[in-house]
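Below is one structure, written out as structure tokens; the observations come after it.
The values are calculated or read from the model by the stated rules, or taken from the named source; none is laboratory data. Small disclaimer: the values here were computed from a predicted structure and weren't measured. For neighbour counting, all protein chains shown are included, and Cβ atoms are generated from backbone atoms with ideal geometry for every residue, glycine included. Quick note on the areas: whole protein, heavy atoms, side chains included, nothing else; ligands and nucleic acids left out. Shrake-Rupley method; radii C 1.70, N 1.55, O 1.52, S 1.80 Å.
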Amino acid sequence: FSYEPAFWRNVNKAGKNNVRLIRKLSNDPTLLSDPDPELRDLDLVFIDGEHTYEAARRDVADWGSRVRRDGLILMHDVFARFPGVQKAFGELASDPRLEATWPVKGTVGILRVREPLTPRDGAKLAAE
């Protein structure tokens, strides 16, 4: 099963033409070190990775610092079935640089970036 057809329908419906879907693991070293400027200043990151606390924190560390002010970090599976993801989201929700919206209907938690995270913050997030 793939969500991709619905994803592209929603992108087209929104009239956006600056969307790039990347089919790689979020921790792929070649992706993380890719110098492409389009991977450095993002409006939105959707994280749906491994469902452990450590992996969720690592994904936000690796990708959260690439999201610009007022951009969004969307985290999938923020609910009790995945306590590691839920714990990571809860900790991030307390960061004053992020404005959190817990899932009300569904399982996607939203983090609005009030103040951009830095790569240094990412290293700290991954280590915590």
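Applying the Karplus parametrisation 6.51 cos²θ - 1.76 cosθ + 1.60 with θ = phi - 60° to the phi angles of the range 29-43, what ³J(HN,Hα) value in whole Hz is obtained for each residue in order, glycine and proline being reported as x?
Rounded to whole hertz, the list is x, 5, 6, 5, 9, 4, x, 3, x, 5, 9, 10, 9, 9, 8.
Output the relative contact order of the chain, whole-number percent, from Cα pairs under 8 angstrom with separation of 6+ residues.
Values: 188 pairs, mean separation 29.7, N = 128.
In percent, rounded to a whole number, it is 23.
If you keep only loop residues by DSSP, which chymotrypsin sites (Phe, Trp or Tyr not before Pro) in the range 1-47 have at most 15 other Cβ atoms within 10 Å of their Cβ?
Values: sites: 1, 3, 7, 8, 46; in loops: 1, 3.
Counting only loop positions with at most 15 other Cβ atoms within 10 Å, the chymotrypsin sites (Phe, Trp or Tyr not before Pro) in the range 1-47 are 1, 3.
Please report, as a whole percent, how much of the solvent-accessible surface of the chain comes from carbon and sulfur atoms (probe radius 1.4 Å). Present the calculation step by step, with values, prior to reporting the outcome.
Numbers: 4490 of 8240 Å².
Result for the chain: 54 percent of the exposed heavy-atom area is carbon or sulfur.
Kindly provide the helix-only [θ] at 222 nm of the chain, computed as the sum of -39,500 (n - 2.57) over DSSP H runs of four or more divided by all residues, to the nearest 500 deg cm²/dmol? Let's see the in-between values first.
On the way: 5 runs with 47 residues, N = 128.
The helix-only estimate for the chain comes to -10500 deg cm²/dmol at 222 nm.
From the P(r) of the range 1-74, could you give the percentage of C-alpha pairs in the tail past 19 Å?
Working: 1063 of 2701 pairs.
Cα-Cα pairs in the range 1-74 separated by more than 19 Å: 39 percent.
Around residue 82, with a cut-off of 14 angstrom between Cβ atoms, what is the net charge of the other residues, counting Lys and Arg +1 and Asp and Glu -1?
Working: positive: 57, 81, 87; negative: 48, 50, 54, 59, 77.
Neighbour charge sum, excluding residue 82 itself: -2.
How high is the relative contact order of the range 75-124? Use alpha-carbon pairs under 8 Å, at least six apart in sequence, and give a whole percent.
Numbers: 59 pairs, mean separation 16.5, N = 50.
Over the range 75-124, the number comes to 33 percent.
Keeping all protein chains in place, calculate the accessible area per residue for the chain (probe 1.4 angstrom), answer in Å².
On the way: 8240 Å² over 128 residues.
So the chain comes to 64 Å² accessible per residue, rounded to a whole number.
When each pair of different Cα atoms in the chain is counted once in the 1/r mean, what is the Kirkwood radius in angstroms, to one decimal? Numbers along the way, then the final one.
Values: mean 1/r = 0.0662 Å⁻¹.
Mean inverse Cα-Cα distance, inverted, gives 15.1 Å.
In a Gaussian network model over the chain where Cα atoms closer than 10 Å are linked, find which of 98, 111, 39 has the largest mean-square fluctuation.
Top of the fluctuation ranking is 39.
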